1. Would you kindly derive the ³J(HN,Hα) couplings of the range 65-82 from the backbone phi angles with the Karplus curve 6.51 cos²θ - 1.76 cosθ + 1.60 (θ = phi - 60°), listing them in order in whole Hz, with x for Gly and Pro?
2. Give me, ordered by chain and number, the residues 5 or more places off residue 610 or on other chains with an amide H under 5 Å from its own placed amide H.
3. Rank-order 460-472, 516-528 by packing density, defined as the average count of other C-beta atoms within 10 Å over each peptide's residues, highest first.
4. Counting Lys and Arg as +1 and Asp and Glu as -1, what is the net charge of the other residues whose Cβ lies under 14 Å from the Cβ of residue 36?
5. Can you list the residues, at least 5 places off or on another chain, whose amide H is less than 5 Å from the amide H of residue 633, using H built in the peptide plane?
6. Among DSSP beta bridges lying fully in the chain, give the percent that are antiparallel, nearest 5.
7. Return the ratio Rg/(2.2 N^0.38 Å) for the range 286-417, where Rg is computed over Cα atoms only.
8. Using a 1.4 Å probe on the protein heavy atoms, what percent of the accessible area of the chain belongs to carbon and sulfur?
Amino acid sequence: MASPTAPGDINQPDPSWQAKSKQMPLLVRRCGAWAVEISFFAASALVPYSIGALVNREAQTVPLNPSIVVVSETVSRTLGIPVRDRNPRVAPLTNLFWSAASIAPIVLGAWQLFLLARTGQTLPKRWFGVKVVTASGTGPGFLRVLVRESLGRWGVPLGVAYGIWRLSGAFPDLVILGWLSGLAMLADGAVALRYKRQTGHDRIANTLVVSARSTQVSLNPVKTQEWTEEDAAIAALVLTPERGETENPSLWNWMRQHPGIILLTVTLGSAGVILTLFVGTQIYIQSQANLRDSRQRNDELFVALVSKLSPGATNGTAGRRSAILALGTVEDSRAIPLLADLLAQEESRAMLDAIQQALVSTGLKALPRLQKLNQALSNDLDSLRFGGKAQEQELAASRQRTVQRAIGKILTVYSSQLNGADLSRTDLAQSVAGPAQFTLVLDKVDLSGIKLRNANLTNASLQGIRFYGTGEDRRSGTFDDWISDLSGANFEGANMTGASLNSAVMNRTTFVRAVLNKANLSSGNLNAANFSSALLIGANLQQAMLKDASFTGADIGSANLSGANLSGARLGKVKAQGAQLPLTNLAKSEWQGADLSGADLNESDLQNADFSSAKLANANLKNARLQNANLRNADVSSADFRGANLAGANFKGAMFVGKEAVDRFIQSPPGAKSGRLQGVDFTDAKNLDSNQIAYICLQGGFHPKCPQNN
């Protein structure tokens, strides 16, 4: 009798690594396939994203692809991630790679789902020898795969984790969300401990994960050379599942068996629909009639008020004033433009005051019209300064002050409701000349989310003002935070003591001679901002972006700038006694003549920084990177250099002992060694003279010229 032979695919040898993987337990192979699937999916997004971030250093930039903006904002809103730059610009290649990073996971996921639906295996599942099947051993199909993967595997576990995270005090901590998601997915997998080979998502989709090899063997019986037709018939009887003879319990069959219930349901449903349509139609007709009546009454009132404003009206000044004030309460879209036009033409101061009061009564709706009128009157004033009559200048100034006062009152009355309000390029500067004096006073007003791009708020009083709000979720540091845009605005001479400017966009904003003592500017975008001669005593500038900013002559004593980016900033003659600057990026910054006595510069990046003639007495420079820094003629007495990198640093004329002459550095200070130079390597430092080296050696520092016994 001939020996039995198996189908060719059973005896085909697997690659060595696949053969070893298929010898592992099914649970291990299943977990391995899942890990590879997730890794592929993550790599498809992270690889192009990382490449895009690396090439995002070109001088020429373009707006970020709108689709990427939508994706990033959706993710940020869902996860509560703060977005500091609402109008990002990137290199052209970055746009390309980041677009690929958003598309690649979708393409890869769709392909793997297609394979899973058709064959029951993704590529990683095929490599690990596992397969997804139904209870009858067939492939899962597209609908079952969608339910299994979208709802079962990810939707339910992550939805539960996200719901707990969002409704609890853990929001917006992403680390806690990660732990909750992991626990939810472990719970989904733990279902298999009760139901053999079925996790939670398998139970939802009614699928099984089995060994691909065992499935092939069981579904394809081995044939031998002696396999006869009688054997085939017996196998068919054994392997063919028994079919039930019961009628399929479909909806149509149920309807055929219960015609009375169906007739009653249709009758009641039809009556309900007819009644609903009738009542809805009557309500709609009545509401439209009421709306027409209301519009007609408002229109009649508006026409009557306008008639009282005409030059030929007999109601006099009092009647005209009453008509103007009434226009502020009329629900008519024509009222605000009419009031603005009247203001632009009015010559009477009493009428100007009435128009101002009416515009304030209209509320936030008047701001766009007031903004445009403000800009137009500013242009008129600029033109009249070159040859205009004094009377015309005074009248234009009076109208401008009326607009400014109206804006100021609206901002005060509607405080904390201004998110998204746009007053860009508005002139709200102080005016002290002439009868139309104006000073903007918004102390302790909440302007969270307002836009004041290129606005002029010179010498305004803004003590305790808020330019940052927590948004609808009442949690700081999330996507929906109300962040103000003050880019290019002029706050010269403004008093902003205790102001909340955290996270605000303030690129190229002017704060010359402004008072910002104890103000909060943390995490703000302040690139190229001008703080010359400003007062920032005790201000909070943690994590602020201050690249190329100017602090010349400013006072930042006791201010906290830890973690800020001040690369390329100009801080000449700044007063920074006791300032907190640990972990700060100060590369290529300029500190000529600055006073940094007692400042904390621990672990800061000071490469190529210029500290010539600066005072660094008692400063903390532990572990600072001072490569190629310029310390020429600087006072570094009692400064702590332990752990600092001084390669290429220029110490020409630097004073290590108070203000004593260089020829007295060799003298030891009274008492024991300070230890602040203990173990510090000055080998690669530049321009150290013999007296400086002697002092360094005496204090325990290292230099090639130090005596061997030291």
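1. With coefficients 6.51, -1.76 and 1.60, one gets 3, x, 5, 5, 4, 4, 4, 5, 5, 5, 5, 5, 5, 5, 9, x, 7, x Hz.
2. HN-HN under 5 Å from residue 610: 589, 590, 591, 630.
3. The densest-packed peptide leads the list: 516-528, 460-472.
4. It works out to a net charge of +3.
5. For residue 633, the qualifying residues are 613, 652, 653, 654.
6. Bridges in the chain are about 20 percent antiparallel.
7. Ratio of Cα Rg to 2.2 N^0.38 Å: 1.17.
8. 57 percent
The values are calculated or read from the model by the stated rules, or taken from the named source; none is laboratory data. Keep in mind it's a predicted model, so treat the numbers as computed, not measured. Glycine also receives a Cβ, built like all others from the backbone with ideal geometry; neighbour counts cover every protein chain displayed. What goes into the accessible areas is simple: the full protein's heavy atoms, side chains included, and nothing from ligands, DNA or RNA. Shrake-Rupley method; radii C 1.70, N 1.55, O 1.52, S 1.80 Å.
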